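The values are calculated or read from the model by the stated rules, or taken from the named source; none is laboratory data. Since the model is a prediction, treat every value here as computed from it, not as a measurement. Don't worry about glycine lacking a Cβ; one is built from the backbone with ideal geometry, like all the others, and counts go over all protein chains shown.
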Amino acid sequence: MGLNITRKIIKSHLISGEMKAGEEIAIKIDQTLTQDATGTMAYLQFEALGIPKVKTELSVSYADHNMLQSSFENADDHRFLQTAAAKYGIYFSKPGNGICHQVHLERFAVPGKTLLGSDSHTPTAGGLGMLAIGAGGLDVAVAMGGGPFYLKMPKVVLVKLSGKLNPWVTSKDVILELLRRLTVKGGTGKIMEYGGDGVKTLSATERATITNMGAELGATTSIFPSDENTKRYMIAQKRGEDWIPLEAEPDAECDEIVEINLSELEPLIAKPHNPDNVSMVKDIAGLKVQQVCVGSCTNSSYMELMTVAAMLKGKSVHPDVSMVVSPGSKQVLEMIAKNDALTDIIKAGARILESACGPCIGMGQAPETNAISLRTFNRNFEGRSGTISANVYLCSPETAVASALAGVITDPRDVGERIEIEMYEKFCINDNMIIPPLGDRERAKVEIIRGPNIKPLPIGKEISEVYSGEVLLKVSNNISTDHIMPAGAKILPLRSNIPAISEYVFSMVDSDFSKRAKEKGGGIVIGGENYGQGSSREHAALAPMYLGLKVVIVKSFARIHLANLINFGILPLSFSNVDDYDKIDQGDQLEFSDLKKHIKIGEPVVLKNKTKNIEILCNYTLSERQKNILFAGGLLQFTKGAKNL
């Protein structure tokens, strides 16, 4: 049996384990990336490992999430990140240089290499044939120290593309179609590998849009072949020497096949409040729109903003619509400024934001009360925009602009003939906002600067043999990390201060959760399916751990959040019988006996609901290594104690 692209890369990076679906494997990591919302914790964790310099081929620290400097916290954290990068041999991409995934695609992504990033949309680099995986910051810190990345060998799903996209149908519609079919948990435990004749019709940045939103499927990552389109993009970025051809062998097998005929797709849109709530644009056309946002790591490339400019040229945004545009990188902004496309966007009445995540992470541009906001982003969870009553729709830039001009949701096919934009053959290369690593002698002189908001790293405690606690909260299906640990302009500046940010744990769901957890000395959370979907932010495990949370029992977990819970010493259990979810209520007193004994020998854990006087069996999917991490109180303690680097 021949190898597909996924197995080729994993095989060349495999350190331990067998490439059998569901088996734990360890792979070598070539590159890492962090961003400022997750990076401060990652570098505090790396510092705690006591390693003087990163051991990866390349590591990059990006500042792109927290640009709003309404007080000292964000600026202080950016200085900490810059000095930490200088100390440990890491590239630093300054605030304003662009969104990590867009910049990494432009300047660093390499086909056939592995990338681990402390951001769930790290798979964007899969558009260039890179095995790029999102993870918690602690996993990234260990990888920077030379440790392998452990994961369960995913199934490989071949997404076989045929045909060619029709005018006004885009790569955003491809991934929305997959979400419509598979749902936000349809990719769990899987890698989406794209193939078929339709692949060659998609540019590198169109592919990156698709791999970016593969995160919304719950997939481990997504990947495209590295072919002539990849080569063309990398040559245009003056990185042609990094290109290699990479494709599946003719007799390669996969675990599943999904077929999509690109010629049959129509413009699609994800309705509130989940990325898989997808319908055709034409079916909801006419709904009045108050806000349109173009940008994010999903849709902010040069080609996309050139399309936006062409659609807006000589026209005006509807008087009732507020439209904002966020270029994905300084490179993109410079290029559209040079060719007057930026002028066309501004003249049409759109507001220009800096090259950063901005509204996508809730940093500004919160919609008005009860607004309909169309966004070219990747997530539309309730409240993520900053306005709890807003209804956020996800769509392509073409649908967004058509709707901004009309003032109502509009099928872009109704606006006339599409203007074709040719791929630029030579991008503007100006890396003056990327600070390269220092030499060893210079690094030794660097002092890491810490602002007063950067607090010591909390350390987890090992699992005890007997544990009892109250059910602090019971939640339903598809609870996201935004629900657990919200972002936004008010909360994100506290990311380096776990005691302060912990005040907001589950605040979108239950404003009294933090207070109750402190009063009870910690406790237990009960959840439904796909618990912890969305962002990789480890604060959604770290802050609850600080509050004393020791056990989470759910129907099923999202991959990254499950790993983060283990990394911080929180026991993740699932119901042996999902109907038992209905037998536990908030406020119930639960008790576990012989916890470590059962886990060591692999037996189900017996949960005693003392309030209802019943027993419930709980399962877990823990490797021997993960068991030892929990017994040590977390990955940091395990790594230091076992000298695993």
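Scanning the stretch 32-58 for residues that are over 26 Å from Ala489 (Cα atoms) and surrounded by fewer than 24 Cβ atoms within 10 Å (Cβ to Cβ) turns up Glu47, Ala48, Leu49, Gly50, Ile51, Pro52, Lys53, Val54, Lys55, Thr56, Glu57, Leu58. Within the stretch 31-50, at least one residue is at pLDDT below 95, charged (D, E, K, R) and not in a loop (DSSP other than H, G, I, E, B). Per the listing Ile10, Ile15, the residue uniquely in a strand (DSSP E or B) and in contact (Cβ under 8 Å) with a residue 40 or more places away in the chain is Ile15. Of the strands (runs of 3 or more DSSP E) contained entirely in the stretch 204-321, those carrying at least 1 residues that are charged (D, E, K, R) fall at 256-261. Checking Ala356, Ala350, Ala366 one by one, the residue that is out of contact with any Ser or Thr (no Cβ under 8 Å at 6 or more places or on another chain) and not charged (D, E, K, R) is Ala350 and no other. Among the residues of the stretch 570-588, those that are assigned to a helix (DSSP H, G or I) and in contact (Cβ under 8 Å) with a residue 12 or more places away in the chain comprise Val578, Asp580, Tyr581, Lys583.
Residue by residue, here is whether (1) under 14 Å from Ala400 (Cα atoms); (2) crowded, with 24+ Cβ neighbours inside 10 Å; (3) at pLDDT below 95; (4) touching an Asp or Glu at 6+ places or on another chain (Cβ under 8 Å) holds:
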| residue | (1), (2), (3), (4) |
| --- | --- |
| Ala309 | yes, yes, no, yes |
| Asp320 | no, no, no, no |
| Met323 | yes, yes, no, no |
| Ile346 | no, no, no, no |
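Pairing each residue of the stretch 542-560 that is touching a residue at least 12 places away in the same chain (Cβ under 8 Å) with any residue that is assigned to a loop (DSSP other than H, G, I, E, B) and among the acidic types (Asp, Glu), provided the two are 6+ apart or on different chains, yields C-beta distances under 8 Å for Val554/Glu529; Lys555/Glu529; Ser556/Glu529.
Here Glu266, Glu259, Glu249 are screened, and the one residue that is surrounded by fewer than 18 Cβ atoms within 10 Å (Cβ to Cβ), closer than 15 Å to Ser396 by Cα and of a type in the set (Asp, Glu) is Glu266.
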